[in-house]
Amino acid sequence: MRMSQLFGKTSKTEGADYKIASHRLLTQAGFIRESTAGRYYLLPLGLRVHDNIIKVVRKHMDAAGAQELVMPTLHPLELWQETNRTTTTGFELMKVADRRGAEFALGGTAEEMAVDLVRKFNISYKDLPFNIYQFSLKFRDEMRARGGLLRVREFVMKDAYSFGTEAQFKQTYQQMWDAYAAIFKELGLNTDVVAADNGYIGGEYCHEFVSESETGESRYFIDPASGYAAHEDVATFQIENKNVDEVLQEMKPVEAKRGTTMEDGVKLHDMPLWQQIKDVLYFDEATKRYVLAIIRGDFDVNETKLIQAAKAYDLRSATEEEIRDDLGSEPGFISPVAFAKKGKKSGHEVIIVTDRSLRTIRNAYGGANKKDADLLNINIDRDFKPDVEADIALAQPGMKSPDGGELIEKRGIEVGNIFQLGYHYSNLMNGAEYTDDSGKRQKYYMGCYGIGIGRTMAAIVEAHHDSKGIIWPEAIAPFKVYLARLGDEPQVVEAADNLYKDLTQKNVAVLYDDRDERPGGKFADADLMGIPYRLVVSERTISEDKFEVKARQSAQPQLVTKEEVIEILAPTSKGQV
RNA sequence: CGGGGUGUGGCGCAGUUGGCUAGCGCGCGGCGUUCGGGACGCCGAGGUCGGAGGUUCAAGUCCUCUCACCCCGACCA
């Protein structure tokens, strides 16, 4: 490609709104351009990188036995209704109607479509397992797009869906895990694989592939000693027993003129924070129930875990009015002891979820559902009974991992995800069945696997750049070589043109800078665009009948002959004729 | 959706308490001198001041509404 003809320009000035390195660099170097928030033009340079990433992903997916296909972008809305996802997705579903009024969802993920496709065939156990995937534009009406390509409203995702038996699934999941590890390694990303929450996708477990980065939105914990890694949503930790040997004391009400914070309680009673009971009241809009979370005072509630434990969907904090008028308690003085079973006015049911940490303390203290009144010596089972007992605590840095090491907090960009779906979709969708070896109909055991291509591109830039610009790993660079022609003397032009032709004929992707620019500008652009190798042709080099080569990251250029250039950039492997 | 902020040529900005043909730097076009880490001179093109309505003799500047975008939070590949 001749740079004089390349559409898209580099820019010397930085956009003021670009807070994130990848956003700024990709824009400045002419790879992307914003349309509106969260929607981007991929310019020729950007598309080349995007395509290269797709090639790497495809190679490893195919090697893992997955098969590529393409699904429609407009999904019949009935399919989403079949799985109740018109209301429960984490992202806003975008809808369109055709001229007859038939409604479609703009695809944001395609589990229903995959199942619908598969059930159109007569599948036998002999066909299992199989894994189908596509690269396609996904639409998500994100509440807030941000960070350039990191979080957008339209993006290409590789999404794969596996179908098989429960017994087969373990291997499929592992194959995808391994394929992902190989993909991100080839793309130059070091990823941590962390256990995470399935969220609206459904299923029981999943893993995120996270590229460590300060700009990332995922918070997770690792135990370097054991390799334990889990997203903050699901991270668990060991809890030490406190005063479990203490004799149970009689519960007694006391006056408590205090503020409403945990600290106020600690001060008033002069007792440790851990012995206080923390009560947090939520309301689930989906099931119209109150959820009272009870936890040891030195821990915080993890809402994701709470949602799982309470089988809730859409938790919000209860309002002061609800606490007082509907449930007859008092903000800051809530207690599980004799807590209302139902809202007086609303009739909404209350369920009490206690954290396992309550088993590590005795004779706890806390509110009494009345203003300025506390209870001492509260004990689980004797004084109140939980409806659900679970781990609903939020992990914090420094806590003890399940394997005994210390939890270290990290931040990263979630570039890929693998989900176990189990029977989630085959239970919800009719006919998601195959015929087993005894002729009986059986439900599919499924998984799904996503990689955001554009986000991966941004993550690579986040991981590979310096003060001058991007440093693309060779596997995905838009061009392998940047060829600068300095000067326009006929012999320089001829030498540069010839080198460009020769390399191109050997299938080396060359960006030939034939512009009438000064050397400084050309070098700055080459660095900004991050092309792995830089070649220079000038009077100085051709006077010695040589060319200058420099890798993007090395400081020292080398003067070499044309044969050496070709050997470096288009090596002929031994044995090849 | 909640909180904070910004909208003036492609990019970065200035524009005082309302006042004349709306400026500056970069970039862009032409000519000339230059040419190994973003040169210089001269000439030139390019702006419904986000949009609508209002106040006023007069609005980029004041008022109302609205839209877009950015940052922080709830959500994700």
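The values are calculated or read from the model by the stated rules, or taken from the named source; none is laboratory data. What you see is a predicted model; the values in this text were computed from it and never measured. Please note: Cβ atoms are built from the backbone with ideal geometry, for glycine as well, and neighbour counts cover all protein chains shown. We work out accessible area using only protein heavy atoms, side chains counted, and drop any ligands, DNA or RNA first. Shrake-Rupley method; radii C 1.70, N 1.55, O 1.52, S 1.80 Å.
Relative contact order of region A:420-577: 19 percent, from C-alpha pairs under 8 Å at least 6 residues apart in sequence. Within region A:463-565, the trypsin sites (Lys or Arg not before Pro) that combine a DSSP coil assignment with at most 15 other C-beta atoms in a 10 angstrom radius are A:LYS468, A:LYS506.
State, as an integer percentage, the relative contact order of chain A based on alpha-carbon contacts under 8 Å between residues 6 or more apart. Working shown, then result.
Working: 1206 pairs, mean separation 95.6, N = 577.
17 percent.
How long are the semi-axes of the equivalent ellipsoid of region A:363-412, taking √(5λ) for every eigenvalue λ of the Cα gyration tensor, in whole Å from largest down?
Numbers: eigenvalues 212, 43, 26 Å².
Each semi-axis is √(5λ); the values are 33, 15, 11 Å.
Ranking A:LYS345, A:LYS12 from most to least accessible surface, computed with a 1.4 Å probe over the protein chains only, gives A:LYS12, A:LYS345.
Using the Cβ of A:GLY265 as centre and a radius below 15 Å, the other residues enclosed give a net charge of -2, where K and R count +1 and D and E count -1.
If you take the beta carbon distance between A:VAL244 and A:GLU409 as r and set R0 to 51 Å, what does 1/(1 + (r/R0)^6) give as a FRET efficiency, to the nearest 0.05? Intermediate results must be reported in sequence, preceding the final value.
Details: r = 29 Å, r/R0 = 0.57.
Using R0 = 51 Å, I get an efficiency of 0.95.
Under the combined filter of DSSP loop state and at most 13 neighbouring Cβ atoms within 10 Å, region A:489-574 retains these GluC sites (Glu not before Pro): A:GLU544.
The chymotrypsin sites (Phe, Trp or Tyr not before Pro) of region A:100-162 that meet both conditions, a loop assignment by DSSP and at most 14 other Cβ atoms within 10 Å of the site Cβ, are A:PHE121. The distance linking region A:360-423 with region A:293-352 is 15 Å (Cα centroid to Cα centroid, whole angstrom). Evaluate the Debye formula for chain A with equal point scatterers sitting on the alpha carbons, no solvent, and hand back log10 of I(q)/I(0) at q = 0.11 Å⁻¹, in q order, two decimals. Relative scattering, expressed as log10 I(q)/I(0), comes to -1.09.
Legend: distances between Cα atoms for A:LYS9/A:LYS59; A:LYS19/A:LYS95; A:LYS9/A:LYS562; A:LYS522/A:LYS550; A:LYS242/A:LYS342; A:LYS468/A:LYS501; pairs beyond 25 Å are A:LYS9/A:LYS59; A:LYS19/A:LYS95; A:LYS9/A:LYS562; A:LYS242/A:LYS342; A:LYS468/A:LYS501. Taking each residue as 0.36 nm, the span from A:THR260 to A:ASP516 lengthens on full extension beyond its C-alpha to C-alpha distance by 85.1 nm.
Listed by chain and number, the lysines whose alpha-carbon sits under 17 Å from that of A:LYS443, ignoring those within fewer than 8 places in the same chain, are A:LYS120, A:LYS126, A:LYS170.
Out of every Cα-Cα pair in region A:1-86, what percent are more than 20 Å apart?
Numbers: 2134 of 3655 pairs.
Result: 58 percent of Cα pairs exceed 20 Å.
Taking 13 Å as the cut-off, the amide N atoms of region A:148-187 that come nearer than this to a point 7 Å along the Cα-to-beta-carbon line of A:ARG58 belong to A:158.
For A:LYS345, go through the lysines and keep the ones whose alpha-carbon is under 16 Å away, minus same-chain ones fewer than eight residues off. Output for A:LYS345: A:LYS288.
Order A:SER211, A:SER554 by their accessible area, 1.4 angstrom probe, all chains in place, largest first.
Values: A:SER211 5, A:SER554 45 Å².
From most accessible down to least: A:SER554, A:SER211.
Compactness of region A:108-159, taken as the C-alpha radius of gyration over 2.2 N^0.38 Å, stands at 1.55.
Expressed in nm to one decimal, what extension gain is obtained for the pair A:GLU285 and A:ALA225 from 0.36 nm per residue of sequence separation less their Cα-Cα distance?
On the way: separation 60, 0.36 × 60 = 21.60 nm, distance 4.12 nm.
Taking 0.36 nm per residue and subtracting the Cα distance, the gain is 17.5 nm.
Once the Cβ-Cβ distance of A:ALA182 and A:MET94 is raised to the sixth power relative to R0 = 30 Å, the FRET efficiency obtained is 0.35. Can you send over the carbon and sulfur percentage of the accessible area for chain A, probe radius 1.4 Å, protein chains only? Roughly 48 percent of what the probe reaches on chain A is carbon or sulfur.
To the nearest 0.05, what FRET efficiency results for A:LYS342 and A:SER4 with a Förster distance of 60 Å applied to their C-beta separation? Plugging the Cβ-Cβ distance into 1/(1 + (r/R0)^6) gives 0.20. To the nearest 10, the accessible area of A:ASP466 is 60 Å² with a 1.4 Å probe. Calculated accessible area for chain A comes out at 47 Å² per residue, all protein chains present (probe 1.4 Å; ligands, DNA, RNA ignored). With the cut-off at under 14 Å, measuring from each backbone N in region A:94-118 to a point 7 Å along the Cα-to-Cβ line of A:TYR200 picks out A:94-95, A:105-112. In terms of overall dimensions, the C-alpha atoms belonging to region A:116-258 reach 68, 43, 35 Å along their principal axes, ordered largest to smallest.
Helix content alone sets the calculated 222 nm mean residue ellipticity of chain A: runs of n ≥ 4 DSSP H residues at -39500 (n - 2.57) each, divided across all residues, give -7000 deg cm²/dmol. Simple spin-label estimate for A:VAL388 and A:ALA167 gives 3.3 nm between the two label positions (7 Å along the Cα-to-Cβ direction from each Cα). Taking all protein chains together, A:PHE283, A:PHE7 sort by accessible area into A:PHE7, A:PHE283, largest first [probe 1.4 Å]. If you take all other residues with their beta carbon under 13 Å from the beta carbon of A:ALA459, and give Lys and Arg +1 and Asp and Glu -1, the sum is -4. With 0.36 nm allotted per residue and the present C-alpha distance subtracted, the A:SER467-A:THR572 stretch has 34.4 nm of extension available.
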